[in-house]
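Below: the structure, in structure tokens.
The values are calculated or read from the model by the stated rules, or taken from the named source; none is laboratory data. Keep in mind that what you see is a predicted model, and the values were worked out from it rather than measured. Backbone-built Cβ (ideal geometry, glycine too); neighbour counts: all protein chains shown. Areas reflect the complete protein model, heavy atoms only, side chains present, ligands, DNA and RNA absent. Shrake-Rupley method; radii C 1.70, N 1.55, O 1.52, S 1.80 Å.
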There are 4 protein chains.
Amino acid sequence: MKTVLISGFEPFGGMPLNPALEAIRVLTGTELPDLGVIKTVTVPVVHRTSIATVISAIDDNEPDAVIMVGLAPGRIGIMPERIAINMDDFRLVDNEGNQIIDQPVVDGGPAAYFSTLPVKAMVQEMRRAGIPAAVSNSAGTFVCNHLFYGVMHELRDSHIRAGFIHVPLLPGQAIKADEPSMSLERIIKGISICAETVLSVQKDIFVSGGEIA
Amino acid sequence: MKTVLISGFEPFGGMPLNPALEAIRVLTGTELPDLGVIKTVTVPVVHRTSIATVISAIDDNEPDAVIMVGLAPGRIGIMPERIAINMDDFRLVDNEGNQIIDQPVVDGGPAAYFSTLPVKAMVQEMRRAGIPAAVSNSAGTFVCNHLFYGVMHELRDSHIRAGFIHVPLLPGQAIKADEPSMSLERIIKGISICAETVLSVQKDIFVSGGEIA
Amino acid sequence: MKTVLISGFEPFGGMPLNPALEAIRVLTGTELPDLGVIKTVTVPVVHRTSIATVISAIDDNEPDAVIMVGLAPGRIGIMPERIAINMDDFRLVDNEGNQIIDQPVVDGGPAAYFSTLPVKAMVQEMRRAGIPAAVSNSAGTFVCNHLFYGVMHELRDSHIRAGFIHVPLLPGQAIKADEPSMSLERIIKGISICAETVLSVQKDIFVSGGEIA
Amino acid sequence: MKTVLISGFEPFGGMPLNPALEAIRVLTGTELPDLGVIKTVTVPVVHRTSIATVISAIDDNEPDAVIMVGLAPGRIGIMPERIAINMDDFRLVDNEGNQIIDQPVVDGGPAAYFSTLPVKAMVQEMRRAGIPAAVSNSAGTFVCNHLFYGVMHELRDSHIRAGFIHVPLLPGQAIKADEPSMSLERIIKGISICAETVLSVQKDIFVSGGEIA
């Protein structure tokens, strides 16, 4: 029985909800038949504390894989991130009022870490299930990327596979029809498919998923 | 017992599905408690025939209100249209191969007809239910606007209220995450809310819903 | 020697500049070889006063054609508008603090007037000159559409051809790279091409320029 | 007298022009008063050859700084890139027909290199000159990022500062008004400002320029 640890951020930026958090509330304890079980952890949108929270949950749960989930307003689909960069450049303050500008996540750390999740296979399986999805080449420079980098750095010599997924706004967060959104049901299904894919696919598939720029 | 007639277009432009058609399949016969019942009609995406099909269904069903529904790829929310214009300018051929350019829908007809549905109240009720929605000021110049104008012209001296609603792509039609989409469940709920609103609101509410340009 | 009257709006919405006004400042008095001359009028962004200002300038200048120009933040190219609708629904207050909601521009007026300018030929000539351009099917519901409708109504029995053109933000108004823009030189050239086209083309060309929705 | 080497790509993807190439044609030999001179190199849009071409030009010109310039269709402003990643994932074939998928640019190279140009100061100076500009956190996964990474890797132990700038389409490449564009004059001015900034600013300024995601 394998374990996937899925982390979800609390609300931020004045929004009352975060679809990442709503999704992991539903997913916690879910069994993936013949594959494993989903454990979850709620993460504060705070510099450093976010990383410590997920690392502590990794220690407690000893998962086979870690999928971190965050909200990216403006995105159309569920987007596995390809790479975490060693750079904090916060456009907003985090939930404890920190606005970090042009500081490394880890002093002396490498410039970036690639996701060790099978991002192309995850996208393919979500699309097969009718869920809009694509690989993203930037997780931004706010707390999402901060957590992603910090965890990848911690796990750099570990066998545990890890990576980050951005999800769109919920429909109720976009009722003026000026930002794209995705239903919570579909977001939950997409994350669940990602968890199954991580446990069932060792080597990522070989298909184009790049961007011109 | 009042009747709302809801029309839905067939697929067009090479797409295998049209969310408008999928929605009316589910909505047909639905009872709106204390308000009325939904009847539906499937409409071919064809110049002239589309109008004749809905007018025939109006004759058969003698509805109190008519809501025409069509697909607008690229839209984020459900958008009641404010106005139908007397202009066909087809970017694509319709489903019988017609490409009409800069012809009036009705020779000698007025330049436009306003929707007689309570578009602001419909938007407000959809938003209250967590559904992205907004008033639109252009139904385009393809078969959607053609049908909308043709039916408004036919009903110009009638007591029957009528108008048009554009809906987004389904998630399965936008799996590459390059166009916004909305779940079929939410589209169906939105159209149902519009039907209830039409039957329960006589005079539209007074709130801003305009656009700069 | 023919005359084209070009109107340009003053700044609004808290912006210090309006590209429409900057353009007509340069265009005023321009001779169009073998065709005519450009006269201009500055228009306050104010309910009613805007219409009265342009009508007064028409009386003074007795033009052969009228091209009204306004700013549409978010537009990518220069967009001749196809139709003016009899509806004020201001999202913002105008420059005298009026916020008109769901009122007709002209009580008892028809629902809409089509532009009497050769909009397709204007777009074609601008594109030939390397200027991004397209026909638009909605001039919005703010003071731009208000003026457009009001002037078309005044000229409804006149031989004077008239219509409206929306232009994008200037680059200096979009320095954060979050809205598209166009250089003032190109906006001026585009408007000048439109003026030449109006004087040289009687009957619009027959090409598709429509929208699905 | 210092030297800035600016590279510009040839056209690709079936387009007849590349604004990067048009710009460096004009910039070659330009003197930046009291600062230095601009030298340029034309770069084929080809895997490996692109890197070799710029490295050869660096050897020949012994520049103090290198600014690589490429086209990013869809971008609104001039965007200095923050980071190059060790990943080729070509959505299109390059100009010699190569479509590389999920291969590192340099086998065994680090995951990424940060630009050593003062990207925040460059954005600030361009904005002051009325040019839409912003920092970008992804140069994509096509030949632009490939060249960027390859050159940063080559210069990893060098004092030569280097980085990449993406520019928008030219107006003549976007005449249907469906993609944002920028005039060649403004693109040239923006690149020139970047060159001046690189030669005059040693340490980048400290201002927020990040993205949520």
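Summary table below
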read-out: Cα-based Kirkwood hydrodynamic radius, segment A:151-208, one decimal, Å; value: 14.1 Å
read-out: Cα pair count fraction exceeding 24 Å, expressed as % - segment A:2-200; value: 32 percent
read-out: Shape box of the protein assembly as shown [Cα atoms, principal axes, largest first, Å]; value: 77, 68, 49
read-out: Full-stretch length increase - C:Ala52, C:Val93 - with 0.36 nm per residue and alpha-carbon distance subtracted; value: 12.9 nm
read-out: Rg and Dmax [Cα atoms of segment A:1-66; Å; Rg one decimal, Dmax integer]; value: 12.5, 40
read-out: For q = 0.16, 0.21 Å⁻¹, Debye-computed log10 I/I(0) when each Cα of segment B:89-206 counts as one equal scatterer; value: -0.92, -1.25
read-out: Sum of side-chain charges, D:Met126 neighbourhood, beta-carbon under 10 Å (Lys, Arg +1; Asp, Glu -1); value: +3
read-out: Surrounding net charge for D:Leu32, when Lys and Arg each add one and Asp and Glu each subtract one, Cβ distance under 9 Å; value: -2
read-out: Distance from segment C:74-94 to segment B:177-213 (C-alpha centre basis), Å; value: 21 Å
read-out: Nonlocal amide H pairs with D:Glu211, under 5 Å, H built at 1.01 Å; value: A:Arg91, A:Thr141, A:Phe142
read-out: With every protein chain in place, segment B:47-186: carbon and sulfur % of accessible area (1.4 Å); value: 45 percent
read-out: J(HN,Hα) series, segment D:165-182, from Karplus relation 6.51 cos²θ - 1.76 cosθ + 1.60, nearest Hz, glycine and proline x; value: 10, 9, 10, x, 4, 7, x, x, 8, 9, 5, 7, 6, 10, 9, x, 8, 9
read-out: Residues whose placed amide H lies under 5 Å from that of C:Ser7, excluding near-sequence neighbours; value: C:Val41, C:Ile67, C:Met68, C:Val69
read-out: Chains A and B together, accessible area buried on both sides, 1.4 angstrom probe, square angstrom; value: 1500 Å²
read-out: Average accessible area per residue (Å²) across segment D:2-200 - probe 1.4 Å, nucleic acids and ligands excluded; value: 34 Å²
read-out: Phi to ³J(HN,Hα) by Karplus 6.51 cos²θ - 1.76 cosθ + 1.60 over segment C:105-118, Hz, x for Gly, Pro; value: 5, 10, 4, x, x, x, 4, 6, 10, 7, 3, 9, 8, x
read-out: Interchain or long-range residues, amide H under 5 Å from D:Val201's placed H; value: none
read-out: Separation in nanometres of the label points that stand 7 Å from Cα toward Cβ, at B:Asp157 and B:Ile101; value: 3.7 nm
read-out: Structure-based [θ]222 nm, the protein assembly as shown - -39500 (n - 2.57) summed over DSSP H runs of at least 4, per residue, nearest 500; value: -9000 deg cm²/dmol
read-out: Reachable lysines from C:Lys2, criterion Cα separation under 24 angstrom, eight or more residues apart if same chain; value: C:Lys39, C:Lys120, C:Lys189, C:Lys203
read-out: Integer Hz, Karplus 6.51/-1.76/1.60 couplings in order for segment A:89-97, x for Gly and Pro; value: 8, 7, 6, 10, 6, 7, 6, 10, x
read-out: Sum of side-chain charges, D:Ser138 neighbourhood, beta-carbon under 13 Å (Lys, Arg +1; Asp, Glu -1); value: -2
